[in-house]
C-alpha cells in the first residue's frame with residue numbers, strides 16, 4: 001500500500017529509465033525482474049546509473065587483457081560495486097578475483 005502510494009505520488013517526477021541503464025548495471029534484461037509494481041522499469045536504476053557509470057569506467061571490460069604480478073590475464077567477470085575483476089591467467093589455468101589495485105590495464 002505504501003509503495004503504490006509512493007509510486008503514485010512521485011510518478012510525475014521520475015526520469016526516463018532505459019534498458020542501457022540496466023545493462024550498465026549488469027542486470028538481467030528480463031522485464032519481470034527489472035520492472036516495479038507500477039509496470040515500468042525500476043526507478044532506482046536511474047538514480048544508481050551515475051554511480052555505476054563512474055565505477056565501471058575504472059574497470060576493464062569483459063575479455064580485456066590486464067597485467068598483474070603473476071603475468072597477463074584475461075578479464076572474465078566484473079564486480080562493479082566491489083571494484084574487482086575475475087581473471088584467467090593465460091600461462092596457467094588459474095582463475096581468481098583481483099581488486100583494482102592488483103592489476104593494470106594494458
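Here are the numbers:
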| quantity | calculated |
| --- | --- |
| Inter-label distance, nm, simple model (7 Å from Cα along the C-beta direction), residue 20/residue 91 | 4.1 nm |
| Length gained when the stretch residue 48-residue 70 is fully extended (0.36 nm per residue, less Cα-Cα span) | 4.5 nm |
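None of the figures in this text is laboratory data; all of them are computed from the coordinates on show. This is a predicted model, so every value here is computed, not measured. In this analysis, Cβ positions are derived from the backbone assuming ideal geometry, glycine residues included, and neighbour counts consider all displayed protein chains.
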